[in-house]
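**Q** The structure is given below, and queries will be raised subsequently.
The values are calculated or read from the model by the stated rules, or taken from the named source; none is laboratory data. Everything numeric in this text was worked out from a predicted model, so none of it was measured. Glycine gets a Cβ as well: all are built from the backbone with ideal geometry, and neighbour counts include every protein chain shown.
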Amino acid sequence: ELKVEQNPLFLSMQEGKNYTIYCNYSTTSDRLYWYRQDPGKSLESLFVLLSNGAVKQEGRLMASLDTKARLSTLHITAAVHDLSATYFCAVIETSGSRLTFGEGTQLTVNP
Amino acid sequence: NAGVMQNPRHLVRRRGQEARLRCSPMKGHSHVYWYRQLPEEGLKFMVYLQKENIIDESGMPKERFSAEFPKEGPSILRIQQVVRGDSAAYFCASSHSNQPQHFGDGTRLSIL
């Protein structure tokens with residue numbers, strides 16, 4: 001059974017600081033996703049990572065994928081308050097269709 | 001181009017009643033997925049359907065829960081004889097073949 005683990009689960013940081021969220025998964029996968037969820041809202045797709053070494057950046061967020069280590073990172077640069085949300089990584093097993101989600105990282109950016 | 005439409009957004013039921021959650025996929029999408037999110041947790045897969053077929057229901061509770069995706073009309077997730085533990089947000093996602101899944105806004109189910 002595929003397991004996806006994120007850490008940290010809770011992250012409080014000051015504006016302007018950098019930090020990284022980690023996502024480990026337990027079996028082979030060729031598709032990894034990062035989502036953002038605001039309280040009471042749906043999931044907003046941030047990144048789709050499809051191959052080893054893939055790196056994608058959007059604004060202050062950058063995601064990377066190492067399929068050999070079964071690890072993805074979401075790096076936050078110079079955080080701002082608007083980034084406060086819960087971030088989920090999710091993985092689809094090779095030849096599978098369903099998403100398996102991590103527990104989520106609740107990020108709070110303080111002024 | 002409308003996204004994934006779920007209704008109702010909020011649903012309140014008393015214990016023992018039935019809950020019906022609807023999901024209209026994005027135009028052109030024939031793959032539908034249902035996920036459940038308990039408070040303060042991640043989403044858990046329930047069922048994956050293509051038109052008129054259940055492909056994977058390994059995440060569905062064995063009793064009281066059923067899902068369908070008829071040839072015409074939305075996908076329906078039905079929960080019979082609801083209990084307090086069914087209170088959660090239920091999200092539907094759709095996709096075209098192996099393309100990324102797009103999520104609806106969810107239905108928040110509350111059981112009194």
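**Q** Name every residue in the range B:1-37 that is over 17 Å from B:Ser66 (Cβ atoms), within 11 Å of another protein chain (Cβ to nearest Cβ) and among the hydrophobic types (A, V, I, L, M, F, W, C), in order of residue number.
**A** Residue satisfying the conditions is B:Val4 alone.
**Q** May I ask you to say which residue of B:Leu43, B:Leu109 is touching a strand residue (DSSP E or B) at 6+ places or on another chain (Cβ under 7 Å) and more than 8 Å from chain A (Cβ to nearest Cβ)? If you could, list the steps in order and put the result at the bottom.
**A** Working: B:Leu43 fails: more than 8 Å from chain A (Cβ to nearest Cβ).
Just one listed residue meets the conditions, B:Leu109.
**Q** Whether any residue in the range A:45-63 is in a loop (DSSP other than H, G, I, E, B), modelled with pLDDT of 90 or more and more than 17 Å from B:Ala93 (Cα to Cα) is what I want to check. Spell out how you get there, then give the answer.
**A** Filtering the range A:45-63 down to residues in a loop (DSSP other than H, G, I, E, B) leaves A:50-54, A:59-60.
Those still in the list that are modelled with pLDDT of 90 or more too: A:59-60.
Retained after the next criterion (residues that are more than 17 Å from B:Ala93 (Cα to Cα)): A:59-60.
Within the range A:45-63 (the criterion being in a loop (DSSP other than H, G, I, E, B), modelled with pLDDT of 90 or more and more than 17 Å from B:Ala93 (Cα to Cα)), the answer is yes, since at least one residue qualifies.
**Q** So which residues in the range B:11-25 are under 13 Å from B:Gly104 (Cα atoms) and surrounded by fewer than 18 Cβ atoms within 10 Å (Cβ to Cβ)? Talk me through it step by step, then tell me what you get.
**A** Taking the range B:11-25 first, the residues under 13 Å from B:Gly104 (Cα atoms) are B:21-25.
B:Arg22, the sole residue that qualifies.
**Q** crowded, with 19+ Cβ neighbours inside 10 Å and within 11 Å of chain B (Cβ to nearest Cβ) - does that describe any residue in the range A:77-86?
**A** Within the range A:77-86 (the criterion being crowded, with 19+ Cβ neighbours inside 10 Å and within 11 Å of chain B (Cβ to nearest Cβ)), the answer is yes, since at least one residue qualifies.
**Q** How about the range A:22-59: which of its residues are under 20 Å from A:Pro111 (Cα atoms) and within 14 Å of chain B (Cβ to nearest Cβ)?
**A** Filtering the range A:22-59 down to residues under 20 Å from A:Pro111 (Cα atoms) leaves A:38-39, A:59.
Hits for the range A:22-59 are A:Asp38, A:Pro39.
**Q** Please go through the range B:50-63 and give me each residue that is more than 11 Å from chain A (Cβ to nearest Cβ) and not acidic (Asp, Glu), ordered by number.
**A** Of the range B:50-63, the ones more than 11 Å from chain A (Cβ to nearest Cβ) are B:51-54, B:60-63.
If the condition is that a residue be more than 11 Å from chain A (Cβ to nearest Cβ) and not acidic (Asp, Glu), then B:Lys51, B:Asn53, B:Ile54, B:Met60, B:Pro61, B:Lys62 are the ones that fit.
The rows are residues; the columns are (1) more than 13 Å from the chain's Cα centre (by Cα); (2) assigned to a strand (DSSP E or B); (3) aromatic (Phe, Trp, Tyr); (4) modelled with pLDDT of 90 or more.
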site	(1), (2), (3), (4)
B:Ile55	yes, yes, no, yes
B:Glu63	yes, no, no, yes
B:Arg78	no, yes, no, yes
B:Gln81	yes, no, no, yes
B:Ser97	yes, no, no, no
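**Q** Can I ask one more? Restricting attention to the range B:97-106, which residues are touching a residue at least 12 places away in the same chain (Cβ under 8 Å), of a type outside the set (D, E, K, R) and at the interface with another protein chain (Cβ under 8 Å from one of its Cβ atoms)?
**A** The initial filter retains those residues of the range B:97-106 that are touching a residue at least 12 places away in the same chain (Cβ under 8 Å), namely B:97, B:101-106.
From what's left, of a type outside the set (D, E, K, R): B:97, B:101-104, B:106.
The answer is B:Gln101, B:His102, B:Phe103, B:Gly104, B:Gly106.
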